[in-house]
Every structure is written in C-alpha cells, then in structure tokens.
Amino acid sequence: MDTIFVSAIDSKIQPVFLLEKIEEGSLKIWVKQILEATPDDAIRSLDWKQAVGTYLVKVKHSVLRYLDDNKSLGAHEEFRNLTSKIFETASSSGALKFPAYKQIPASDIAKGMAKICDAVAPLHENERITISNDDGDSSVDASAQVTQEQIEDLLACNTIRNSTDMILMVRKPDFLGTSMWEFRHEKKNFCAKMADEGWLKQFQHGELDIRPGHALRALVDEDIVYGEDGEVIRADRTITKVNGVIRSNHPKLEM
C-alpha cells in the first residue's frame, strides 16, 4: 500500500521495510521503514523523507480505520471521501517544492485494500492485526472483505464494447471448455472466453488439431469497464467467431 500511496508524491520514491525483531506471546513485529529515492528538483531538499514518512503513516491509519469501520469498500460517497482525504494528506505534506501532487486512481486504492483483506483472512475469530506508532493504533480483522465484485460495483462508470478481427497466437487451449483460452498478442498475454460453440465442439471432439504455437484468426468482443477517473477496472474478452487457423509450420491460413 505504501508504494501506491507514495505515487501521489513521486513514483521514484521506494518504501523499503526492514524487520528488526519479533516478540513472542501476542506476536509483535518491529519494522523499520526506509525511503529510497534520488531526489530531483521537485522534491524538497530538506527533510523530504520525514515529510513523506509522516504522510505514509497518516494514510495507513486512515485506510485501516476505514476498513475496520466498514468491513468492506463501503458506500460510494464514503469511499470517495477516503480517496479525497488521501490526496489532501499528500497535498499538505510539504514534500514537494511545487504543488504537483497526483490523485491516486481509486481502483489502485481499492485493489490495495483488497490485498490487505486477503492478508488478514487466515486470522481466527477475535484475532486482529494492529499497527502502532506515534500516531496511535489502527487494526483490522478477518471480517473485513474487499472483493473484485465490490470494486467493480463501486467504481464502474462506463463500459465500452469493441468487436475486432484479430490474429491470436495460441499458448494454452482450453480442452474442457470451462476456462479461458490463453493467447499471445503484441507480445503480451491475452486471455479470452471461447463462445463459438460450433467450432469449440469440433475442437473438443478432435476434429481440429490446435496446438501451442498455432494461431487463430477470430472475431473478438472486448468489454472494457472504466471508472470515474478513466482508469480501466476490468477487460472481458470473448471470441464470438473463429474464422481460420494458422499452423505454425504452414504460413497459409486454413478456413
């Protein structure tokens, strides 16, 4: 979360945590935080580490207390107030010479909160994780849950659908028809659901020999869900029609 928070000031700053000691009994871990960066003209030359460190402590407490109070992402207005509070805390930190602080995407904050909930999920009833420092105590337990569905419901603002004719390099076919196909496109991983049932039945019955390294020419529907800040929340891809197969050892397109 600190890596997300510090991006409001300067993404070149890297928070580093050092484990100092562990106390038994009610498990207590002492951690020291170090901020690494090569300060440029935008960062105050004096005491910038103290300013950034103070900001990070404050927003950590804000997020943990919010999670403990709401046990989820909460209502839209409440979550908006939290994101605004984080930005206001960064803006008042005095870490930068000029007020060029950045608004952290709401989706990044929400996904970070989901990771916190995942981390404390194994705790038993009446067990809590507490962070203590000079600003007080903040804690959270396993009852706090932030799911992908909550993130999408809370942040989704616009959905744009595009249908595109594409050539996709096969990485991992889905032989059972219950999961995504894995492809490569523009040197990136590309996962899509296969909805061309007629073609899929031929493949599953062994009538089509599709192996990793082969490619499909297909019509792909892509639904991209955007948040209010314009950030992508989710991208769903579905192959609606397979128009051909390109064999790895035959450059000719087979229809």
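The values are calculated or read from the model by the stated rules, or taken from the named source; none is laboratory data. Everything quoted here is computed from the prediction, not taken from an experiment. Virtual Cβ from ideal backbone geometry, glycine too; neighbours counted across all protein chains shown. These area figures cover heavy atoms from the full protein model, side chains too; ligands, DNA and RNA do not enter into them. Shrake-Rupley method; radii C 1.70, N 1.55, O 1.52, S 1.80 Å.
Annotations for the structure displayed:
- Ordered by 1.4 Å accessible area with all protein chains kept, 54, 83, 159 run largest first as 159, 54, 83.
- Three-way shape label, the stretch 149-195, alpha-carbon gyration tensor, a/c 1.5: prolate
- Accessible area of residue 124 in the full protein assembly, 1.4 Å probe (Å², nearest 10): 130 Å²
- Summed over the residues of the chain and divided among them, the accessible surface reaches 60 Å² per residue at a probe radius of 1.4 Å.
- Helix 48-70 and the longest principal axis of the Cα set of the chain meet at an angle near 70°.
- At an R0 of 45 angstrom, the distance between the Cβ atoms of residue 61 and residue 202 translates into a FRET efficiency of 0.20.
- Among the protein heavy atoms of the chain, carbon and sulfur supply 50% of the accessible surface, probe 1.4 Å, non-protein parts ignored.
- The modelled label-to-label distance between residue 36 and residue 134, using points 7 Å beyond Cα along the C-beta direction, is 2.5 nm.
- Gained length - residue 145 relative to residue 22, 0.36 nm times residue gap less alpha-carbon distance: 41.6 nm
- Helix 76-91 axis, angle to the chain major axis (alpha carbon atoms, nearest 10°): 60 degrees
- Separation between Cα centres of the stretch 46-76 and the stretch 213-234, rounded to whole Å: 32 Å
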